[in-house]
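Undergrad: Can you read through this structure? Questions will come right after.
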Amino acid sequence: MLHRTFAALIAALFLGGGALAAEIPDKPEVLPRTKLFDPLLADPRWPHFSAVLLNYGGTDNLDTAGAMSVGDEFALYQAPGLGGAWGVGIQAAVFGLFDLEAESKDLINADYWVGIPLSWRSGPNSAILRLYHQSSHLGDEFLLRSASNRRSRINLSYEVVDLKLSREFYARSVRVYGGGGVLFDQEPSDLKRGLLQAGLELRSPWTFAADLLRPVAAVDLQSTEESDWNVNVSTRAGLELSSSVDRDYVVQLMLEYYRGRDPNGQFFMREVEYYGIGLHAYF
């Protein structure tokens, strides 16, 4: 399924569409404010700030949970070139999952993520090539619950090189993207290497509340060789609040649904389904 979706989205990336170009530098800039490749709104592991209330429906004794992320992308240098503009930066984040029904709201899993993105934009087209590292850890309180938790701990870490292409249509109201990546230096060493990703984002052309609020929706599809290319589906939909001073600063209130392999690293082998509501901030 994802193979066909991925091929269709890649084909759509460079068809006509009437998108508006984002502001890009016309001269070299150090520590610029502009992001050449916009965040992927439904990607469960895109670095940004978030706080989400989730319901796992009793999956592996987890019912009501809280998820959070603390992170962002910082552009270091941008310059005109390659038919548009290119830049290099740093992405970093910590993703945490907490059992809200435990007496001390136990930390269950923490994923530490850091990467170096090389981004490019020309009008409605953009791309990002990244080298990143992720390592995953079980929370201390969760480990202390029982001996079985201590036995189930996995020393999971890996590096990834991935590439994503994106195109915007209709005054940036529609965005499609697709790409893939390869794991290396992975532990456990028998982790399979291939990754695929594709998605669709919709931003309403109609705004309200003095042009500060806008409906948004997104779906992200990911597939890994490790899961025999089964598709993980992440969807988010809600309202986006834009800064009245700087339009690059937005906060989103989103309803969320996920089905597939658990995105929390220590539990990557289990199938989960959850829904929730969360706040997401992009600077």
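The values are calculated or read from the model by the stated rules, or taken from the named source; none is laboratory data. None of the values given here were measured: they were computed from a predicted structure. Note that we place each Cβ from the backbone using ideal geometry, even for glycine, and neighbour counts take in every protein chain shown.
Undergrad: List the number of the failed condition for ARG130; all other conditions in (1) touching a Ser or Thr at 6+ places or on another chain (Cβ under 7 Å); (2) at pLDDT 95 or above; (3) of a type outside the set (Val, Ile, Thr) hold.
TA: Only one criterion is unmet by ARG130, namely (1).
Undergrad: So PHE268 passes all but one of these: (1) surrounded by fewer than 19 Cβ atoms within 10 Å (Cβ to Cβ); (2) over 25 Å from ASN155 (Cβ atoms). Which condition number does it fail?
TA: (2)
Undergrad: Mind listing just one residue for me: the one in the stretch 156-188 that is hydrophobic (A, V, I, L, M, F, W, C) and under 18 Å from the mean Cα position of the chain (by Cα) and, of those, farthest from PHE37 (Cα to Cα)?
TA: Taking the stretch 156-188 and keeping what is hydrophobic (A, V, I, L, M, F, W, C), we get 156, 160-161, 163, 165, 169, 171, 174, 176, 182-184.
Okay, now just the ones that are also under 18 Å from the mean Cα position of the chain (by Cα), so 160-161, 163, 165, 174, 176, 182-183.
Working: VAL160: 18, VAL161: 16, LEU163: 12, LEU165: 9, VAL174: 15, VAL176: 12, VAL182: 20, LEU183: 22 Å.
Only one residue fits best here, namely LEU183.
Undergrad: Being acidic (Asp, Glu) and outside any strand (DSSP E or B) is the filter; apply it to the stretch 83-123 and report the residue that is surrounded by the most Cβ atoms within 10 Å (Cβ to Cβ). Walk me through it before giving the result.
TA: Taking the stretch 83-123 and keeping what is acidic (Asp, Glu), we get 99, 101, 103, 106, 111.
So of that shortlist, the ones also outside any strand (DSSP E or B) come out as 101, 103, 106.
Working: GLU101: 12, GLU103: 7, ASP106: 18.
Among them, the one singled out is ASP106.
Undergrad: Would you mind stating whether PHE49 is within 28 Å of ALA102 (Cβ to Cβ), touching a strand residue (DSSP E or B) at 6+ places or on another chain (Cβ under 7 Å) and surrounded by 14 or more Cβ atoms within 10 Å (Cβ to Cβ)?
TA: Working: within 28 Å of ALA102 (Cβ to Cβ): yes; touching a strand residue (DSSP E or B) at 6+ places or on another chain (Cβ under 7 Å): yes; surrounded by 14 or more Cβ atoms within 10 Å (Cβ to Cβ): yes.
So PHE49 fits the description; yes.
Undergrad: Follow-up question, since we're still on this one. Taking the condition of being surrounded by fewer than 17 Cβ atoms within 10 Å (Cβ to Cβ) and farther than 18 Å from PRO47 by Cα, how many residues in the stretch 124-140 meet it?
TA: Looking only at that region, the number is 1.
Undergrad: Condition first: in contact with a strand residue (DSSP E or B) (Cβ under 8 Å, 6 or more places away or on another chain) and in contact (Cβ under 8 Å) with a residue 60 or more places away in the chain. Now tell me which residues in the stretch 162-178 satisfy that.
TA: Step one: of the stretch 162-178, the residues in contact with a strand residue (DSSP E or B) (Cβ under 8 Å, 6 or more places away or on another chain) are 162-169, 172-178.
If the condition is that a residue be in contact with a strand residue (DSSP E or B) (Cβ under 8 Å, 6 or more places away or on another chain) and in contact (Cβ under 8 Å) with a residue 60 or more places away in the chain, then LYS164, LEU165, SER166, ARG167, GLU168, PHE169, ARG172, VAL174, ARG175, VAL176, TYR177, GLY178 are the ones that fit.
Undergrad: Give me the pairs: first residue in the stretch 132-144 and within 13 Å of ASN155 (Cα to Cα), second residue modelled with pLDDT under 75 and basic (Lys, Arg), beta-carbon distance under 8 Å, and six or more apart or on different chains, which are they?
TA: Every condition considered, the pairs that remain are LEU138/ARG153.
Undergrad: Answer yes if at least one residue in the stretch 147-157 is surrounded by 15 or more Cβ atoms within 10 Å (Cβ to Cβ), in contact with a helix residue (DSSP H, G or I) (Cβ under 9 Å, 6 or more places away or on another chain), at pLDDT below 95 and of a type in the set (A, V, I, L, M), and no otherwise.
TA: yes
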